[in-house]
Amino acid sequence: MTNYFDDIVKNIAQAVTYDSSQAAPEEGMPFGAGAAKCLDFYLSLAEFMGFSTRNYDNYAGEVRWGEGKDFAVLAHVDVVPAGNGWTHDPFGGEIDETEGKIWGRGTMDDKGPAMIALYAMKALKEEGFKPRRTIKLILGCNEETGWACIDHYNKVARMPEEGISPDADFPVIYAEKGILHIKFSFDAAGAHFNGLEGGNRPNMVCDYCEVIADADKNKLSALNLVCENGKIISRGKSAHGSTPDKGVNAMPAILKYLGLNDVEEQLFGQCMGLKGLKDETGALTFSPDLIEQDGGKIYVTCDVRYPATYAREEIISILDKQGVPYEIVHEQAPLYNDKNSPLVRTLLEVYNQVTGKNAQPIAIGGGTYARALKYGAAFGPEEEGEESTIHQANEYITFDKIKKCFEIYKLALKRLCG
């Protein structure tokens, strides 16, 4: 690790300086210039290391090494928007030697793990390791907002059947909940307000909400709202849409202020009838993350993560009974692997060997690229008990995390591809 640590830190910091959140498409750059430049940075670095690379039209890139049956390491270089509340430059790539951290959007999700995986390949190569499989480090540019990168890759290349995604949690993920992004429509005819809007992305807890309405000092104080430049403003704290309890949603206070108590109860109280659903993979989560007003309608887009053993049709059946018009704007089926399958078992053994723990496989609400594989598992980088800053302000990765992930990913590739 000593030979590679400084370079990994430097290059993660450099990768962070590219604002690769989805932007308006430009010629040859379907997700904007930031994502394309960041992808080029990774591929150029891999070429310098002596690996074969391929850029698939700036939708995704690929680093190849070895011969034999394909094995995927699926990561992404795009990020969610910075959002609000930062005390560090979200795209500054600040290296903090005192605290042992790199600050910036993407350090943990997923530019940091992608860089560590690349250096794990480099280290194995320089040690003389000869993989019996073709390792494909696939780098997507649209993981956070639709997976068009994976759709394109499947059209122009061949997706491996087996692999890992370093974009979730350790020790190893055996199941991922199903995902539905649902846009609900509520009637606002004759509303005494306008300009209601809030949120950044369907998978980010709404951290800012505003509306143009009359100011009532007592209600403002009671609901912890402010009036600025003629707008009523609510501020919260962002978090990943799959873990809404880790954030503070700015939407409910505005809805209560406007007297939309029924809407607030449907969304945040009863979760549109879905509250309480759970299985061995955990409870359903329901996060209203985007809100907008258009004429006499209010539209709220919610991030729903439903237990992996439930069928999509069961969720839809419950929603249909609520009487609220809706549209499904994005969906991903659940992922479910046998806890004792060779892939899951090997990854668990690697994690426990490096850390000295006796951990067991877990399920998550997040949706990773592992779903793009016939037989895939998400593998790190977060661990139980750690502070998570993914999709939040002041995202960071620690030096210790870099060192640990390097050893884990290196050993995992050696075991699975040797």
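Laid out as a table, the results:
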item	result
Condition check for K217: out of contact with any Leu (no Cβ under 9 Å at 6 or more places or on another chain), surrounded by fewer than 14 Cβ atoms within 10 Å (Cβ to Cβ) and without any contact (Cβ under 8 Å) to a residue 24 or more places away in the chain	yes
Residue match in the stretch 109-130 (condition: more than 20 Å from G367 (Cα to Cα), at pLDDT below 95 and either surrounded by 18 or more Cβ atoms within 10 Å (Cβ to Cβ) or over 15 Å from the mean Cα position of the chain (by Cα) (or both))	no
Filter result (charged (D, E, K, R) and part of a helix (DSSP H, G or I)) within the stretch 345-376	R345, E349, R371
Those residues of the stretch 345-373 which are of a type in the set (V, I, T) and in contact with an Asp or Glu (Cβ under 7 Å, 6 or more places away or on another chain), in sequence order	V354, I362, I364, T368
Considering residues of the stretch 297-332 that are β-branched (V, I, T) and more than 25 Å from G247 (Cβ to Cβ) only, the residue surrounded by the most Cβ atoms within 10 Å (Cβ to Cβ)	T309
Residue under evaluation E313, criteria (1) in contact with a strand residue (DSSP E or B) (Cβ under 8 Å, 6 or more places away or on another chain); (2) among the charged types (D, E, K, R); (3) outside any strand (DSSP E or B), criterion not met	(1)
Matching residues, the stretch 301-327, being touching a residue at least 40 places away in the same chain (Cβ under 8 Å) and either more than 23 Å from T368 (Cβ to Cβ) or hydrophobic (A, V, I, L, M, F, W, C) (or both)	C302, V304, A308, I315, I318, L319, K321, Q322, V324, P325, Y326, E327
D279 vs. criteria closer than 28 Å to E143 by Cβ, modelled with pLDDT of 95 or more and among the charged types (D, E, K, R)	no
Which listed residue, of M159, M121, is over 22 Å from D289 (Cα atoms) and either part of a loop (DSSP other than H, G, I, E, B) or among the basic types (K, R) (or both)	M159
Where a residue in the stretch 328-347 is more than 17 Å from A359 (Cα to Cα) and its partner, wherever it lies, is assigned to a strand (DSSP E or B) and of a type in the set (K, R), with Cβ under 6 Å and at least six apart	V329/K183
Subset tally (residues that are over 23 Å from A239 (Cα atoms) and either of a type in the set (D, E) or assigned to a helix (DSSP H, G or I) (or both)) for the stretch 97-114	1
Residue in the stretch 240-247 that is surrounded by 20 or more Cβ atoms within 10 Å (Cβ to Cβ), at pLDDT below 95 and either more than 22 Å from the chain's Cα centre (by Cα) or part of a strand (DSSP E or B) (or both) present	yes
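Listed here are the residues, each with its yes/no results for (1) among the β-branched types (V, I, T); (2) over 20 Å from G241 (Cβ atoms); (3) not assigned by TED's automatic domain parsing to the domain that holds K155.
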{"residue": "V63", "(1), (2), (3)": "yes, yes, no"}
{"residue": "D70", "(1), (2), (3)": "no, yes, no"}
{"residue": "P90", "(1), (2), (3)": "no, no, no"}
{"residue": "K101", "(1), (2), (3)": "no, yes, no"}
{"residue": "R105", "(1), (2), (3)": "no, no, no"}
{"residue": "A114", "(1), (2), (3)": "no, yes, no"}
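The values are calculated or read from the model by the stated rules, or taken from the named source; none is laboratory data. In this text the structure is predicted, and so the values were computed from the model without any measurement. Here Cβ is always computed from backbone atoms with ideal geometry, including for glycine, and neighbour counts include all displayed protein chains.
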